[in-house]
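Please read the structure below before turning to the comments.
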2 protein chains.
Amino acid sequence: MTLTLDVLNAADEPGFVSLLDGVYEHSPWIAQRAFAQRPAAGFPSLAALKHALASVVRKASLTEQLGLIRAHPELAGKAMVSQSLTAESTDEQRRAGLTHCSPEEFAQLQQLNADYNARFGWPFILAVRGPRGNGLSRRQIIETFTRRLSAHPDVERPECLRHIHRIAEIRLNDKFGITPTLGNQVWDWAESLARFSDPGFAEQGQLTVTYLTDAHRACAEQLTQWMRDCGFDEVSIDAVGNVVGVYHGFDDLEDAAPGGGSLRSHGRRLLTGSHYDTVRNGGKYDGRLGILVPMVCVRELHRQGRRLKHGIEVVGFSEEEGQRYKATFLGSSALVGRFDPTWLDQADADGVVMRDLMAAAGLPATMASIQALQRDPARYLGFVEVHIEQGPVLNEMDLPLGVVTSINGSIRYLGEIRGLASHAGTTPMGRRRDAAAAVAELILYVEERASAVPEVVGTVGQLQVPAGSINVIPGRCRFSLDLRATTDAARDALDADVRQRLAEICERRGLSVTLERTEAAAAAPSDPQWQQRWESAVSALGLPVHRLPSGAGHDAMKLHQAMPQAMLFQRGMNLGISHNPLESVTNDDTELCVRAFQALLESL
Amino acid sequence: MTLTLDVLNAADEPGFVSLLDGVYEHSPWIAQRAFAQRPAAGFPSLAALKHALASVVRKASLTEQLGLIRAHPELAGKAMVSQSLTAESTDEQRRAGLTHCSPEEFAQLQQLNADYNARFGWPFILAVRGPRGNGLSRRQIIETFTRRLSAHPDVERPECLRHIHRIAEIRLNDKFGITPTLGNQVWDWAESLARFSDPGFAEQGQLTVTYLTDAHRACAEQLTQWMRDCGFDEVSIDAVGNVVGVYHGFDDLEDAAPGGGSLRSHGRRLLTGSHYDTVRNGGKYDGRLGILVPMVCVRELHRQGRRLKHGIEVVGFSEEEGQRYKATFLGSSALVGRFDPTWLDQADADGVVMRDLMAAAGLPATMASIQALQRDPARYLGFVEVHIEQGPVLNEMDLPLGVVTSINGSIRYLGEIRGLASHAGTTPMGRRRDAAAAVAELILYVEERASAVPEVVGTVGQLQVPAGSINVIPGRCRFSLDLRATTDAARDALDADVRQRLAEICERRGLSVTLERTEAAAAAPSDPQWQQRWESAVSALGLPVHRLPSGAGHDAMKLHQAMPQAMLFQRGMNLGISHNPLESVTNDDTELCVRAFQALLESL
């Protein structure tokens, strides 16, 4: 029988625990504590219940957490063979095909189980039914198992817990008879869009879509097709390859052309969207989520025959990643009149000039046509963007959504410290001019200084002693420096401190240093009113509001130059990894993201 | 009129200062303080006087040191043009050809003077008459000027002072009518031997002599020729290409064949020598000094018609540097029965197998012939080796010679720390697994730990974040580790501490590490009696005895496995740099080294 929140909220403790029996394997203490801490009015949503249960585990002792993990069976392990699994585990392992392994696969899984248990002391946990609920293949399971076997225990333990929460989520969905249909629609679109990939990558099953390749143009065509299917009133591909869909608000309809002709909107619109290009060997959700989520919102409005007061303009930006040309944010730059005319003359690695590429793609390839894309801010309420977090924060907090406070300002340098290359054996410690030791001090100072202030980060990502020898004291050491902060003031203070310390280190050690600034981008703080709208939308789902900065740049950073903007982040699975095939979301999180977007639309 | 030590030692203060007038430019305070601190019995040698004067400057205040430097004229500067230089400076700048610069050279020197003064605030000082006293060319002067212009002020200031001491040394030699004829002989031989260089290097004026190349064999032939000229009784090239010269002691002469036939020695001999191969683009003195110094000692004995009680066997080892084959210490290994038979089958980078190379060079190329080279320790008193320091210690202390206490034991690792590559913008500081930050901690710990104990050194020479990106937190960082100490116990304690700290760092930061030991060599402490003989020889020159370990490996390390050994180091100029064309010695230092070797021979 299908469970409802009303029934659950009405239950006493034994009833509550009993109703949630089997959600967390052999661990009734989780439901018990969630009951004790439940809101006075009961759980407002299934999402709130899921978060409450996960929070109990996150706050439990290490012993309790390990007990929970160890309460789980091994994958295709002895318990499966002896048929002593719980009903839920039996079903999950059967759906993953683990009950029908070949002898080789079975032997491989037994070895992985043994190695994993020897390394960590607990069984490997994987939500085998997968994010869309359609199951991982045995090959995918074995690949994931092998990868996680080499993780650090402090990383792997919480990752196991997160898989346990995902297993619990799927079991709860079954209990409540819930199917995240909107999330599934976005999932299916993202899977379908990922079938287009550039030559050289497609063959290896890798996703790469760079500016105006065949795969890129196929994506654009696919998006226009889907937008039309969703019921957008106007759908087009603009002069820089952006896919633009407009769904009018009822403000506009007075001016509508009769008889199905082109509708002309004169009311103010909400602008939203994100990019459909990818990095090389990237993920399926970076950018695309921010196009597909508002698309499904429009589809739902259209299905219901509804229009909102304001029009909705969804843009699939053609270029954000700067992979093919040094023209990052090409698509959104055009909308704010910042398309650099010199970009047209740029050649890619194969010598293909952008202007020629555009012409070959059937675009006008003139600055006049590109300048015409600039939006009049007076015609727009503002810009919102949903995006996968691309970081670990929401994942670690067991939160599906987070509200962005600011897109960080950044400053980047390439540097080199020069000391004196001398003999590692014959030069006493006190007489060295070790360039690498100075960079080591810098790295630790950047770490310490950035850690001391919230919402500031600093990274030395590139590091090399050129032509270093095992027996030569580093005479040179090259490094990069990437400093980011939620405000320009915080960024500049970090920058000044780091540069001062660098100078001190070099002065004290008798070294010289060169530092070349390669980038400086201003911070783009979220518009307070729009940020508040996202916060209300998240609250309406029964979820706690977590505010966080965006460390990465996004199209919203460009639109910020013309109109108010605010972003919503959706949790990334797999430790939040992005720009990587392991980038992952769940259909349940996406469902919540769509519903947050719908709530924001309703609030306008 | 030529000055003598007796006259100088007999003088009162004004007389002493007056006699040394012009040695240090416009700075009588140096002679005044040296007088105040002179030994009761007066200066025992010119070397002692030179060291005393340099010590006054080394211990002077920074203001006094800068005053001394600023008392010097610019090279080819206004003072030269207006003919207001001291007589000494006029002579030196004239000899260097600076009074006959082309207009272009003069303009270049004026620009260098201006740039240098702007950077450092003092004039560029260069002992232009050069180590052999024969003057640097204008081209060499301009090259050196350009190189030192980019040095750190804390490096450049003492380097200027050392050039001032060298200028003073040459002026003192003039005053005392001294010519370092034995040092000059070694200098001339080293220059002459450096005319042989391997193909590809010779054309660029670079010195490279690797195992059994044409240049290498030419060096061997040249050495045998010079040894015969010196009066060695037996001279040969052995089965591994070592050049061996024997000068019999009078113990042996009973068994001498009459009428100029081959003399057979049956008494005990002193074994000495060093290597004549070089690293790629190396210096002229590394190794070769240790062959040429005893050669000139034998020449002097032979010229005087003298024999000592014991025979002297000088070996020019054919291979020490391990450049062409992975067979470091090949030459000395053969003498102690440690020639690895598998070396014969090794191919070099061009596929040339050592056995074939030996055969082509006319060597027997059999293990039997190589095994026959093993020396019977009972026939030898011990092994001594003189070598350029290849480090900065003696140079910084203004000491021509130093006595080696031990050839350091070493242990080497290649390591890699693995963390998690994640987005530099989106990963908060507290959630990072930064592999490079962990290596940074290791580098600073190695520096701190090695600095805390005398005669221990530790170096991270190789350092790299593979495929690092400016905006990605390092997920991997590779490094090398080179740990050395005068004793195996100190080395092992350092090793244990460093490895423990590395494990702690990785544990605390949640990282994994691999560490591969690539080398471990036992320390070779000097034989106390032989070390004492070197100390007595240095004392006899009127110089303070400074004891120091050898951080680099030397042939003596191999001979240590068969007999007592002890080494004498000679100061390297140019900050002690070695394995580099800038490697340099002075004829005066070499003269002292020869005289120390003679004193050691006389003491046997």
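Points worth noting:
- Computed over segment B:1-40, the alpha-carbon pair-distance distribution with 10 angstrom bins reads 31, 59, 10, each value a whole percent.
- Dipole magnitude of segment B:409-522, debye to nearest 20 (Cβ charges: Lys/Arg +1, Asp/Glu -1, about Cα centre): 540
- Each of B:Thr181, A:Pro400, B:His216 was scored by the projection of its Cα onto the charge dipole of the protein assembly as shown, and the greatest displacement toward the positive side belongs to A:Pro400; charges sit on the C-beta of Lys, Arg, Asp and Glu.
- Trypsin sites (Lys or Arg not before Pro) lying in DSSP loop within segment B:22-67, provided at most 12 other Cβ fall within 10 Å: B:Lys59
- 3J(HN,Hα) along segment A:167-179, derived from phi through the Karplus expression 6.51 cos²θ - 1.76 cosθ + 1.60 where θ = phi - 60°, amounts to 4, 4, 4, 5, 5, 5, 4, 4, 4, 8, x, 9, 10 Hz, with x in place of Gly and Pro.
- Between segment B:35-100 and segment B:566-582, the alpha-carbon center distance in angstrom: 23
- The other copies place their B:Gln83 label points at 11.8 nm from this one, listed shortest first, where each point is 7 Å from Cα along Cα→Cβ.
- Relative contact order of chain A: 15 percent, from C-alpha pairs under 8 Å at least 6 residues apart in sequence.
- Counting only lysines at least 8 places from A:Lys175 when in the same chain, those with an alpha carbon closer than 22 Å to its own are A:Lys50.
- Carbon-plus-sulfur accessible fraction, segment B:5-176 (probe radius 1.4 Å, protein heavy atoms only): 53%.
- Loop-located trypsin sites (Lys or Arg not before Pro) across segment A:290-356 with a Cβ neighbour count of 15 or fewer within 10 Å are A:Arg306, A:Lys309, A:Lys326, A:Arg338, with loop assigned by DSSP.
- Based on Cα contacts under 8 Å between residues 6+ apart, segment A:5-176 shows a relative contact order of 24 percent.
- Along the axis of the charge dipole computed for segment A:409-522 (Cβ charges of +1 for Lys and Arg, -1 for Asp and Glu, origin at the Cα centre), the listed residues A:Leu502, A:Val465, A:Tyr445 are led at the positive end by A:Val465.
- List A:His579, A:His310, ordered by accessible area with a 1.4 Å probe, largest first: A:His579, A:His310
- Whole-Å distance, taken between Cα centres, linking segment B:487-548 and segment B:151-209: 31
- Only helices enter this figure: runs of n ≥ 4 DSSP H residues, each worth -39500 (n - 2.57), summed and divided by the residues of the protein assembly as shown, yield -12500 deg cm²/dmol at 222 nm to the nearest 500.
- Heavy-atom accessible surface that B and A bury in contact, both chains counted, 1.4 Å, Å² to 100: 5000
- Rounded if a/c under 1.5, otherwise prolate or oblate - segment A:43-131, Cα gyration tensor axes: oblate
- The two copies A and B are related by a rotation, and the chain A beta carbon nearest its axis, with distance in whole angstrom, is A:Ala440, 2.
- Measuring nothing but protein heavy atoms, the accessible surface of segment B:409-522 at 1.4 Å probe radius is 46 percent carbon and sulfur.
- Hydrodynamic analysis of segment A:108-227 uses the Kirkwood radius over alpha carbon pairs. Inserted into Stokes-Einstein at 25 °C and 0.890 mPa s, it gives a translational diffusion coefficient of 143 µm²/s.
- In the context of the full set of protein chains, residues of the protein assembly as shown present 38 Å² of accessible surface per residue (probe radius 1.4 Å, heavy atoms only).
- In chain B, a dipole from Cβ-located charges (positive for Lys and Arg, negative for Asp and Glu) runs towards its positive end, and of B:Ser82, B:Pro364, B:Ala96 it is B:Ser82 whose Cα lies farthest in that direction.
- Whichever lysines have a C-alpha closer than 25 Å to that of B:Lys284, once near sequence neighbours (fewer than 8 apart) are set aside: B:Lys326, B:Lys558
- Per-residue mean of foreign Cβ neighbours for B:414-424 is 5 (Cβ atoms of other chains, 10 Å radius).
- For B:Phe176, inter-copy label distances in nm, listed shortest first [label point 7 Å out on the Cα-Cβ vector]: 9.6
- In percent, rounded to a whole number, the relative contact order of segment B:409-522 is 45, using alpha-carbon pairs under 8 Å and six or more apart.
- Semi-axis lengths (Å, descending) of the ellipsoid that matches the C-alpha gyration tensor of chain A: 39, 38, 24
- At 1.306 mPa s and 10 °C, Stokes diffusion of the protein assembly as shown via Kirkwood alpha-carbon radius, µm² per second: 44
- Across the identical copies, the 7 Å label point of A:Glu504, projected outward along Cα→Cβ, sits 2.4 nm from its counterparts, in ascending order.
- Size estimate for segment B:409-522 follows the Kirkwood approach: the inverse of mean 1/r over distinct Cα pairs works out to 14.5 Å.
The values are calculated or read from the model by the stated rules, or taken from the named source; none is laboratory data. As the structure is a prediction and not an experimental result, all values here were calculated from the model. Reconstructed Cβ throughout: ideal geometry from the backbone, glycine too, with neighbour counts over all protein chains shown. We work out accessible area using only protein heavy atoms, side chains counted, and drop any ligands, DNA or RNA first. Shrake-Rupley method; radii C 1.70, N 1.55, O 1.52, S 1.80 Å.
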